[in-house]
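Contents: one structure, followed by commentary.
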Amino acid sequence: MTLAKSAVTGIVYRAPETGYSSNNVAVSTFVLDIGEGMLIRIIARRQTLNDVVATISKGDKVLVEGRLQTAVAKMDDGSEKRIYEIDAVHIEK
């Protein structure tokens, strides 16, 4: 579910990882700590963003702009947890 456009700054909490979609498109993800224990997963699907993500490491301060989305994940204990994600359109280091 897409909520709104957003811009956030924060510290990279989990280093970026890159994988590939079924269409062979590179998709990079990392987790951003925006303060007060709030973690947001960042998804970068565009090649230009993946080039920027390649220079990011844990502890870097970054600015991310994109669409805020929510998802529900099922945990190992059977409970459900709401996850916040930003589908990035712009990333600055």
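The values are calculated or read from the model by the stated rules, or taken from the named source; none is laboratory data. For clarity, every value in this text was computed on a predicted model and none was experimentally measured. Reconstructed Cβ throughout: ideal geometry from the backbone, glycine too, with neighbour counts over all protein chains shown. Just so you know, the surface numbers come from the protein's heavy atoms only, side chains and all, with ligands and any DNA or RNA stripped out. Shrake-Rupley method; radii C 1.70, N 1.55, O 1.52, S 1.80 Å.
Residues in segment 49-93 that are touching a Gly at 6+ places or on another chain (Cβ under 6 Å) and either open to solvent by 80 Å² or more (accessible area, probe 1.4 Å) or not small (G, A, S) (or both): I86, D87, V89. For segment 44-62, a residue qualifies if it is assigned to a strand (DSSP E or B) and modelled with pLDDT of 95 or more, and the qualifying residues are K61, V62.
Conditions (1) farther than 17 Å from R67 by Cα; (2) among the hydroxyl-bearing types (S, T, Y); (3) out of contact with any Asp or Glu (no Cβ under 6 Å at 6 or more places or on another chain), marked per residue:
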{"residue": "A7", "(1), (2), (3)": "no, no, no"}
{"residue": "I11", "(1), (2), (3)": "yes, no, no"}
{"residue": "E17", "(1), (2), (3)": "yes, no, yes"}
{"residue": "S22", "(1), (2), (3)": "yes, yes, yes"}
{"residue": "V27", "(1), (2), (3)": "no, no, yes"}
{"residue": "L32", "(1), (2), (3)": "no, no, yes"}
{"residue": "E36", "(1), (2), (3)": "yes, no, yes"}
{"residue": "R46", "(1), (2), (3)": "no, no, yes"}
{"residue": "D51", "(1), (2), (3)": "yes, no, yes"}
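Which pairs do you get when a residue that is open to solvent by 70 Å² or more (accessible area, probe 1.4 Å), found in segment 3-16, comes within reach of a residue that is hydroxyl-bearing (S, T, Y), reach meaning Cβ atoms under 8 angstrom, with the pair 6+ apart or on two chains? So the pair list comes out as L3/T70.
Against the list (1) assigned to a helix (DSSP H, G or I); (2) at pLDDT 95 or above, the condition E65 fails is (1).
If a residue has to be at pLDDT 95 or above, aliphatic (A, V, I, L, M) and in contact with a Lys or Arg (Cβ under 7 Å, 6 or more places away or on another chain) to count, how many in segment 8-30 make the cut? Residues in segment 8-30 being at pLDDT 95 or above, aliphatic (A, V, I, L, M) and in contact with a Lys or Arg (Cβ under 7 Å, 6 or more places away or on another chain): 2 in total. Number of residues in segment 17-36 that are in a loop (DSSP other than H, G, I, E, B) and open to solvent by less than 90 Å² (accessible area, probe 1.4 Å) equals 4. So in segment 37-48, with the set limited to residues that are of a type outside the set (S, T, Y), more than 12 Å from the chain's Cα centre (by Cα) and farther than 16 Å from R14 by Cα, which one is surrounded by the most Cβ atoms within 10 Å (Cβ to Cβ)? Of everything passing the filter in segment 37-48, R46 is surrounded by the most Cβ atoms within 10 Å (Cβ to Cβ).
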